[in-house]
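The structure under discussion appears below in the form of structure tokens.
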Amino acid sequence: MPDCLFCKIARKEFGSAVIYENGDVLAFLDINPRAPGHAMVVSRTHSETLLDLPDEALAPLFEGVKTVTGMLQRALAPDGFTIGINHGKASGQAVDHLHVHVIPRFTGDGGGSIHTVVSNAEGRGWKARPKDSFSPSLKASSEAHPPKEALEEMAARIRKAQ
Ligand code: 5GP
Ligand code: ZN
């Protein structure tokens, strides 16, 4: 894709701090890192989201994510990682070339978990209720959560779309 920023970075027409590359993928540091070593892994094949990435490009992309995560672990010894994709404009995707963020995490770094990104379950018709039902782990938390039947209904709806 001629005008795509990350295609240009992958073709080396636009500079970036490359940390890993092979014939299929490139990994480079985010220009505006949220943590030391914040990297992004991209396929050399242009696609906007996972849904239009050709199947044969999937495994190389996630092999790249694993390789880069190992490199960051050895280089920076973080205590963990947040690995994720802003997938589509509603989720905050700013660059229209699929990229996987690999963000080193350090104990006490002040960041949240993926659970802190959005809290909209009730916006989709689930009525939360206090901790009284099936999950022992949730019983220990103070968060309300949807009833078991609501989760089962949602799972059935999604299975039908396979
Ligand atoms: P998104 O919000 O689309 O998931 O993230 C896009 C990321 O690309 C942002 O974190 C932003 O800092 C990074 N970015 C935008 N332009 C450039 C650039 O020219 N070079 C590099 N290395 N990163 C960029
Ligand atoms: Zn592209």
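Each reported figure results from applying straightforward, stated rules to the coordinates on display, with no laboratory input. No experiment lies behind these values; they were computed from the predicted model shown. Cβ placement follows ideal geometry from the backbone for every residue including glycine, while neighbour counts extend to all protein chains displayed.
Each residue of region 64-79 was assigned a 3J(HN,Hα) from its phi angle through the Karplus expression (A = 6.51, B = -1.76, C = 1.60, θ = phi - 60°), giving x, 4, 5, 4, 5, 4, x, 4, 5, 4, 6, 6, 10, 6, x, 8 Hz with x at Gly and Pro. Helical runs (DSSP H, four residues minimum) scored at -39500 (n - 2.57) apiece and divided by the length of the chain put the mean residue ellipticity at 222 nm at -8500 deg cm²/dmol. For the chain, lysine pairs with C-alpha atoms less than 19 angstrom apart, excluding pairs fewer than eight positions apart on the same chain, total 6. Rg and Dmax of region 5-115, based on Cα coordinates, read 13.5, 39 Å.
In terms of other Cβ atoms within 10 Å, 14, 6 run from fewest to most in the order 14, 6. Largest mean-square fluctuation among 101, 145, 115, in a Gaussian network model of the chain whose springs join Cα atoms under 10 Å apart, belongs to 145. Summing +1 for each Lys or Arg and -1 for each Asp or Glu among the other residues whose beta-carbon sits under 13 angstrom from that of residue 14 gives +1. Rounded to the nearest 20, the size of the Cβ-charge dipole of the chain about its Cα centre is 420 debye, with Lys and Arg at +1 and Asp and Glu at -1. If you fit an axis through the alpha-carbon atoms of helix 148-160 and take the longest principal axis of the Cα set of the chain, what angle between them do you get, 0 to 90°, nearest 10? That helix lies at roughly 40 degrees to the long axis. In this calculation the C-beta distance from residue 1 to residue 93 is compared with R0 = 22 Å, giving a FRET efficiency of 0.90.
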